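Following: one structure in structure tokens, then a few remarks.
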Amino acid sequence: MSMTMPLRLAGEQAQEILRLTGGVIGYGGRPVLNGVDFVLRQGEVVAVLGSNGSGKSTLVKGLLRQARLTRGDLEVFGTPAGRFHQWWRIGYVPQRQAVGGGIPVTVTEVVSSGRLARTRPWRRFTGEDRSAVADAIATVGLAGLERHNLATLSGGQQRRVLIARALAARPEVLVMDEPTAGVDAASQESLAATLADLVRRGTTVLLVAHELGPVASLVSRIVVVRDGAVVYDGEPRGHPSEGSEHDHPHGQNDATSPFGLEG
């Protein structure tokens, strides 16, 4: 699939969105990552790669405060993470998450929940909210399925619903954990096309992947994690990939997360 890459801001001129310095990140008092440095800048598409248990998912969860940062400094849009409150500016799509808890929910209902990041729970939806939800559904190519029960959709369509939910808050950054895992080749191509459209619009993207597949042409930078450390951070070509296994969860979420999700 041919994708047109967007114009990139020069690294030294682009705004820093996430910066982690000397990070020690883990679960339940057990460190998974030690002394990690990481930066995400506006306009980048960064893929975090690594083998099973390497810590790649833990790195992203630490950046989003879903895994505990026991040492180091984390800044979000130039503000210390503890004092940052505009988390709606970062949309998050987890790898595995049950939606609806077995209760029938429509695509619109799921995507509408993404607006809660921008609104107060007791406030009624406005025209702006409804427009944001409709735009998000259209962006991921699910227009016409608004009233469909989520359970009736394919795995790839369900993944796009979760992306739409994150987009409903109209974030500046989209963070995804294994966006193409567990879906067929056609769904992977559809997801890649959705990401390509978002990147062309200027969305900054951070994704965890065990292999890049159809999104490879979008990636501007690769970060490889091995044994709890970053061993490569640079251009996609020639990176020391470690294989294609997934990072499995290392434990329950024991950190305060602005996204209210368990990784």
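The length gained on full extension between GLN86 and ASP227, counted as 0.36 nm times the residue separation minus their Cα-Cα distance, comes to 47.5 nm. I need the shape label for the range 83-221. Rule: rounded when a/c is under 1.5, else prolate if a/b > b/c, else oblate, with a, b, c from the alpha carbon gyration tensor. In terms of gyration-tensor shape, oblate. For the pair GLU211 and GLU146, label points projected 7 Å from Cα toward Cβ lie 3.9 nm apart. Taking 7 Å steps out from each Cα toward its Cβ at ALA185 and ASP73 produces label points 4.9 nm apart. Annotation for THR21 and ARG123: the two label points, set 7 Å from Cα along the Cα-Cβ direction, are 3.5 nm apart.
Counting every other Cβ atom within 10 Å of each residue's Cβ, HIS210, HIS148, HIS85 order from fewest to most as HIS85, HIS148, HIS210.
Where a number appears in this text, it was derived from the coordinates with a stated rule and is not lab data. Just so it is clear, the model here is predicted, and its values are computed rather than measured. For neighbour counting, all protein chains shown are included, and Cβ atoms are generated from backbone atoms with ideal geometry for every residue, glycine included.
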